[in-house]
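Below: the structure, in C-alpha cells.
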Amino acid sequence: MPTKIEKDALTGRETTGHEWDGLKELNTPLPSWWLYTFYATIAFSVLWMILYPALPLPGATGLTGWTARGALSGELEAARARTEPMMARLRAATPEQIAADPELRAFALAGGRIAFANHCAACHGAGGQGARGGYPNLADDDWLWGGDLAAIHATIRHGIRNQDSEEARMSIMPRFLADGTLTMAQIHDVAEYVLSLSGRATQPAMAARGEGIYAENCASCHGERGEGNQEIGAPRLNDRIWLHGSDRAAIAAYIANPVLGVMPAFGQRLDPAVVNMLTVYVHALGGGR
C-alpha cells in the first residue's frame, strides 16, 4: 500500500507516496522545455496526418494530395523520357550492332548489369557464376546452347523448356532408370565411362562396360567423345564443368532420373531494348564468343 504523501526533509519535494525498504520516491516533475517539446511533437504529428496520407485508410491522400506512389510514378516517367532516345536506338539495333558501337555498348552494359541483377542473378549468381543444381555459369566458355550474341539473345528471348514461348529451347533427356531403359548397374557403368571422358575414371572394368552402353544410348546427343551438341542443348561431358555434381553418384543419379531446368521467356516480360542489353552484358561477362 502507498504510504502517506509528504515532503522530503532534505530536498523539500513531495514524495509520490511509495516507499521501499525505507527509500521514498520523490515526485520530481519533468523539465518544462522537455514537456513543451513533447507537446509540440504531438501537435506536429496531428498536422502531418492532416496534410499527408499518414492514416492507413483507402484513398487517404491528405490535404496536399501527395503520395509516395504518385511521386515515384512521376520520377519514373521523367527517367523514361530521358532514356527513351537511347532505348529506341537499342530496340532498333541487333546485339551485334550494339556491341560494335561504343556509345550503345556502354549504355547496354550499364543497363544490362541492372537488368541482370533484377531478373537473372537469383539463379545465375550476381557475377554470372551459376550454381550447382542446374544454373549454368555464364562467365566461362562452356555453353549449352551457344555463346555468341545471336545464341545468347535467342536463349534470353525465348527461354528454355517453358510454356511461354513456342520457340523456347527444348531438349529432353530420357529417365533411363525410371523409364526402364537401363538398370542401376548399367547406369553406374555409364557414369564411370563418362568420368573417363575427362580422365577421372578409377574403375577401368566399369568404364569398359559403360562405353558400349554410352555409344548406344548417349552418343547421339552428347557425341562419341562427349563433345556435346549446342544445337540441341546437350552438354559437353569431356570437360570438368558440371551442373549437377561431378562424382559417380551424382552423374548416375542424373542419368537415372534427370532434373530438367526451366528458364522463362524474357522476350515476353521485358522491353526488347532490355533483352538486347542483357544479351550484350551476358556476352561480356567473360565467356561470350
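A short reminder: the numbers here are calculations on the coordinates, not readings from a lab. Just so we're clear, the structure is a prediction, and the values are computed from it rather than from any experiment. All Cβ positions, even for glycine, are placed from backbone atoms using ideal geometry, and neighbour counts span all protein chains on display.
Some values worked out for this structure:
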read-out	value
Sorted by Cβ neighbour density within 10 Å, fewest at the top, the residues Lys7, Lys24	Lys7, Lys24
Calculated FRET efficiency for the pair Leu30/Asp8, C-beta based, R₀ 25 Å, to 0.05	0.90
Ordering of 188-196, 118-126 by burial proxy (mean other Cβ atoms within 10 Å per residue, highest first)	188-196, 118-126
Helix-only mean residue ellipticity at 222 nm for the chain, each DSSP H run of n ≥ 4 adding -39500 (n - 2.57), per residue, nearest 500	-15000 deg cm²/dmol
Exposure proxy order (Cβ contacts within 10 Å, fewest to most) of Met277, Met263, Met49	Met49, Met263, Met277
